[in-house]
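The values are calculated or read from the model by the stated rules, or taken from the named source; none is laboratory data. This structure is a prediction, so every number in the text was calculated from the model and none was measured. No Cβ is skipped: glycine too gets one built from the backbone with ideal geometry, and neighbour counts run over all protein chains shown.
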Amino acid sequence: MDNKTEIAETLTLEQGKPMKEALGEITYGASFVTWYAEEAKRIYGETIPASAVNKRILVLKQPVGVVCAITPWNFPAAMITRKVAPALAAGCTVVIKPAEQTPLTALKLAEAAEKAGIPKGVINFVTGDAAEIGDAWLKDSRVRKLTFTGSTEVGKLLMRGSADTVKKVSLELGGHAPFIVFPDADLDEAIEGVMVSKFRNNGQTCVCANRIYVHESILDEFVEKFCAETKKLVIGDGLNPETQIGPLIDEAAFKKVESHIEDALLKGGKIEYGGGRVIELHDGYFVQPTIISGVTEDMKIMQEETFGPVAPVISFQDVEDVIERANNTPYGLAAYIFTRDLQTAITVSDRLEYGIVGINDGLPSVAQAPFGGIKESGIGREGGHHGIEEFLEVKYVSIKI
Ligand code: ADP
């Protein structure tokens, strides 16, 4: 935290997110270090009543061993601390391969760790060819745990590769979050939620609202208010304190966003706001925050993670139908519902096949809660006491006296 501004500046220059968000990421990232430093004191085992009077049953928790971590570019600091802090708290040493787009933020964390007195060899960083490093780790039986945040495609490859040495794996993969607004929702609260969920990090988070389902009775009012708020967003250089939307990470990301917009337009979608590149900022991949209506389920934007500032708005009539559409995806990371009705909140969240459900909350991620997905969005959890279990083995000790 003492180096917060300096690390945040590196993050913004390297990754593009606005300084305010970069500072937020450092604070969020540091919260895992504080939380797991406390939790390290509570790695409790168990004693279990034995069936025989001359026996005692103990259950111990031990560190899994050497941990290898592969992290993405969208949260270059927090995705490292979210893995390293619980690993260290559990008693493991860690080797980290940061994303090739954002190695410098990672190295700033390395410096901070050294300054903080972490002994040499406990936290290690490797940069270079991802597949080569990954392969070396997969083959090495000394690596007992692989923890990864990134695409579903690479996650599957790493899971397959871990089988040969039967490593423990944690995978935080892609998402395709539905954001459902019921007719009784507080509309201003829903707009606030969708703005933060959709446009945080320029739409480049795995929990970003990707499909916005709005009840038909409030659709027009929702779109009008959503456009009005979106128009206010300031796009540009992240180092400018006014900026709220930076550039996309690279050309491939830009092309994906463009192709999603084009495909939606070809299939009958209507641009309510935005829709193009920001020409005056042409030396970066700046795209206007975009809202599209008239969206149908066959559009690319409804089937893949966009990872950009494009918001498809889809109307619905029936609760059963919207639940089915929300679940109709191989992904299961985060879902959001906005309603003031307790019955709707509980019954719908029960039935959403997602690891995280935000009820009237567009920003649910915190250090003490388990973050993670089901289905093809991943395996394992990060955060909270669940997050530390990922780095522990259970040892059963049977004592005969
Ligand atoms: P994204 O599309 O978000 O860049 P990736 O899954 O490609 O997601 O990248 C996430 C992380 O996985 C990065 O650190 C990247 O270098 C790493 N990575 C990519 N391919 C491989 C691979 N074959 N083996 C190991 N790591 C990989």
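Structural remarks
- Residue check, Thr149 in contact with a helix residue (DSSP H, G or I) (Cβ under 9 Å, 6 or more places away or on another chain), within 24 Å of Gly355 (Cα to Cα) and in contact (Cβ under 8 Å) with a residue 12 or more places away in the chain: yes
- Test result for Ala209, under 24 Å from Leu363 (Cβ atoms), outside the structural domain of Ala8 (by the TED database) and either surrounded by fewer than 23 Cβ atoms within 10 Å (Cβ to Cβ) or modelled with pLDDT under 95 (or both): no
- Failed criterion for Val196 (all others in (1) touching a residue at least 60 places away in the same chain (Cβ under 8 Å); (2) buried (at least 21 other Cβ atoms within 10 Å of the Cβ); (3) in contact with a Leu (Cβ under 9 Å, 6 or more places away or on another chain) hold): (2)
- Selection from the range 158-174 of residues that are more than 12 Å from the ligand (Cβ to nearest atom) and surrounded by fewer than 15 Cβ atoms within 10 Å (Cβ to Cβ): Ala163, Asp164, Val166
- When we screen Val366, Val394, Val348 for residues that are among the hydrophobic types (A, V, I, L, M, F, W, C) and assigned by the TED database to the domain that holds Arg325, the only hit is Val348.
- Residue match in the range 136-148 (condition: of a type outside the set (A, V, I, L, M), within 14 Å of the ligand (Cβ to nearest atom) and under 19 Å from Pro370 (Cβ atoms)): yes
- Residue count, the range 292-312 (criterion: over 22 Å from the mean Cα position of the chain (by Cα) and surrounded by 24 or more Cβ atoms within 10 Å (Cβ to Cβ)): 1
- Selection status of Thr127, among the β-branched types (Val, Ile, Thr), touching a residue at least 60 places away in the same chain (Cβ under 8 Å) and either within 16 Å of the ligand (Cβ to nearest atom) or within 30 Å of Glu304 (Cβ to Cβ) (or both): no
- Listing of helices (runs of 4 or more DSSP H) fully contained in the range 1-92 that carry 2 or more residues being more than 17 Å from Ala112 (Cβ to Cβ) and touching a Phe, Trp or Tyr at 6+ places or on another chain (Cβ under 7 Å): 78-90
- Lone unmet requirement of (1) aliphatic (A, V, I, L, M); (2) more than 26 Å from Glu376 (Cβ to Cβ); (3) assigned to a helix (DSSP H, G or I) for Ala185: (3)
- Screening the range 313-356 for residues that are of a type in the set (Ser, Thr, Tyr), under 27 Å from Glu258 (Cβ atoms) and within 16 Å of the chain's Cα centre (by Cα) and picking the one that is surrounded by the fewest Cβ atoms within 10 Å (Cβ to Cβ) gives Tyr331.
- Per-region count, the range 1-31, residues basic (Lys, Arg) and under 21 Å from Leu363 (Cα atoms): 2
- None of Glu46, Glu39, Glu14, Glu9 is under 30 Å from Val397 (Cα atoms), of a type outside the set (Val, Ile, Thr) and surrounded by 13 or more Cβ atoms within 10 Å (Cβ to Cβ) except Glu39.
- You will find that of Val53, Val66, Val33, the residue that is under 26 Å from Lys156 (Cα atoms) and β-branched (Val, Ile, Thr) is Val66 and no other.
- Any hit, the range 253-276, residues being closer than 21 Å to Met195 by Cα, assigned to a strand (DSSP E or B) and modelled with pLDDT under 95: no
- Residue match in the range 278-285 (condition: aromatic (Phe, Trp, Tyr) and assigned to a loop (DSSP other than H, G, I, E, B)): no
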